[in-house]
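A.B. asks: I have a structure here, written as structure tokens, and I will follow up with some questions on it.
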Amino acid sequence: MKKHQTSRREECPVARSLEVVGDRWSLLIIRNAFDGTRRFGGFQKDLGLSKSVLASRLHALVSNGILQVEPSADGNAYQEYGLTEKGRGLFHVMVGLRQWGEAFLFSRNEEHSVMVDRSSQESVHTLELRSQHGKLLTPNDVVVKKVRAREVSRSKIPR
């Protein structure tokens with residue numbers, strides 16, 4: 001079976017996004033980076049994957065501008081991986097996956113992790129999609145519209 005390959009000509013943002021972060025290990029590395037993991041050994045210890053697979057995924061995430069290599073914060077010879085602005089832009093994606101998993105993949109009394117506000121320790125609200133005027137939107141309220149490049153206004157795209 002052939003693996004589907006997208007290209008820069010792909011018009012679907014979901015397909016392009018999946019080419020960059022669409023495999024399990026990449027998403028778990030990004031999750032760990034949001035949770036504060038910065039070193040190769042920390043990723044390997046927590047995820048339990050081989051050095052070669054981890055090195056390959058880290059290289060791809062750096063090449064795609066999701067992570068950047070930085071000198072060690074404590075001044076030693078180790079390098080660390082930090083999220084870039086593009087990587088931090090995945091925050092809502094990661095929260096959405098987490099909240100979907102919490103809602104649909106655990107039985108009622110099964111233990112699991114939850115996201116809480118660091119300062120109040122209260123659980124966070126479920127992500128919502130709202131119109132420009134604040135109306136809560138459902139899947140029935142939205143449609144995907146193709147636009148020409150000259151019609152795309154970067155200033156209207158939230159960052």
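A.B. asks: With the checklist (1) within 24 Å of residue 43 (Cα to Cα); (2) in contact (Cβ under 8 Å) with a residue 40 or more places away in the chain in hand, flag the one item residue 146 doesn't pass.
C.D. replies: Every listed condition holds for residue 146 apart from (1).
A.B. asks: How many residues does region 132-155 hold that are charged (D, E, K, R), part of a loop (DSSP other than H, G, I, E, B) and open to solvent by less than 90 Å² (accessible area, probe 1.4 Å)?
C.D. replies: Counting residues in region 132-155 that are charged (D, E, K, R), part of a loop (DSSP other than H, G, I, E, B) and open to solvent by less than 90 Å² (accessible area, probe 1.4 Å) gives 0.
A.B. asks: Another question, then. Within the set of pairs 6+ apart or on separate chains, which have a first residue in region 72-84 that is of a type outside the set (Phe, Trp, Tyr), a second that is surrounded by 15 or more Cβ atoms within 10 Å (Cβ to Cβ), and C-beta atoms under 6 Å apart?
C.D. replies: Partner pairs satisfying both residue conditions: 72/80; 80/38; 82/68; 83/33; 84/68.
A.B. asks: Pairs under 7 Å by beta carbon, first residue open to solvent by less than 50 Å² (accessible area, probe 1.4 Å) in region 26-48, partner at pLDDT 95 or above and acidic (Asp, Glu), six or more apart or different chains?
C.D. replies: Taking only residues 6 or more apart or on different chains, the pairs are 32/46; 37/46.
A.B. asks: Scan 80, 122, 110 and give me the residue that is over 20 Å from residue 18 (Cβ atoms) and touching a Pro at 6+ places or on another chain (Cβ under 9 Å).
C.D. replies: When all the criteria are applied, what remains is 80.
A.B. asks: OK, next. In region 62-86, how many are open to solvent by 60 Å² or more (accessible area, probe 1.4 Å) and at positive phi?
C.D. replies: Count: 1.
A.B. asks: Which of the helices (runs of 4 or more DSSP H) found entirely inside region 40-131 contain at least 2 residues meeting this: more than 20 Å from residue 25 (Cα to Cα)?
C.D. replies: Hits in region 40-131: 91-104.
The values are calculated or read from the model by the stated rules, or taken from the named source; none is laboratory data. Small disclaimer: the values here were computed from a predicted structure and weren't measured. Don't worry about glycine lacking a Cβ; one is built from the backbone with ideal geometry, like all the others, and counts go over all protein chains shown. Note: accessible area is taken over every heavy atom of the protein model, side chains too, but ligands, DNA and RNA are not part of it. Shrake-Rupley method; radii C 1.70, N 1.55, O 1.52, S 1.80 Å.
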